[in-house]
Ligand SMILES: [Fe+2]
Ligand SMILES: [Fe+2]
């Protein structure tokens, strides 16, 4: 595969450095969502658990899409540890609020990536990011809807479960998604 002009023997471009960091952010998101899923699972809220187990797999896919891209761009790949995972929560709302916060942070990370790619005239990089930018809009919207439903339910999580069962099905097969390194969930 060809190297981009921006990563040379002198080191990685800023865009590639941010992309290497993004692998860690996506694995952290994957691991954090397992923690949320297990918390809901343990409290007999299977629909919320399902949504977050599934979301975890999608975050793993995001990491593996970036790994695929780095491999194809001849950027050295190391698989990182994740950042710290939060497991202690006072109430169910806190988990959904954390998920929304996390999605907003990841969106900000992709905006920084897009800025770096543009500054460095990395057109291939810019194109690669387009799917992630769209995906982030969807994920922020999804978590923000879920938080609104939680707030409206006034502590009745069985109402939230009914909403989630009806309106948050597992989605599969996005043909426009970038290829992962190895198998993917969708
Ligand atoms: Fe992600
Ligand atoms: Fe996400």
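One table, with the values for the structure above:
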read-out: Helix-only [θ]222 nm of the chain, DSSP H runs n ≥ 4, -39500 (n - 2.57) each, per residue, nearest 500; value: -24000 deg cm²/dmol
read-out: Max mean-square fluctuation residue, GNM over the chain, Cα-Cα springs under 10 Å, options 78, 162, 176; value: 176
read-out: Of 94, 72, 174, the one that fluctuates the most in a GNM where the chain has Cα springs shorter than 10 Å; value: 174
read-out: 16, 25 arranged by Cβ crowding within 10 Å, fewest neighbours leading; value: 25, 16
read-out: Whole-percent pair-distance distribution, where bins are 10 Å wide, for the alpha carbons of the chain; value: 9, 36, 32, 16, 6, 1
read-out: Calculated FRET efficiency for the pair residue 152/residue 79, C-beta based, R₀ 41 Å, to 0.05; value: 0.50
read-out: Exposure proxy ranking, count of Cβ atoms within 10 Å, fewest first, for 66, 34, 79; value: 79, 34, 66
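The numbers here are math on the coordinates, done by the rules we state, and not lab data. For clarity, every value in this text was computed on a predicted model and none was experimentally measured. Please note: Cβ atoms are built from the backbone with ideal geometry, for glycine as well, and neighbour counts cover all protein chains shown.
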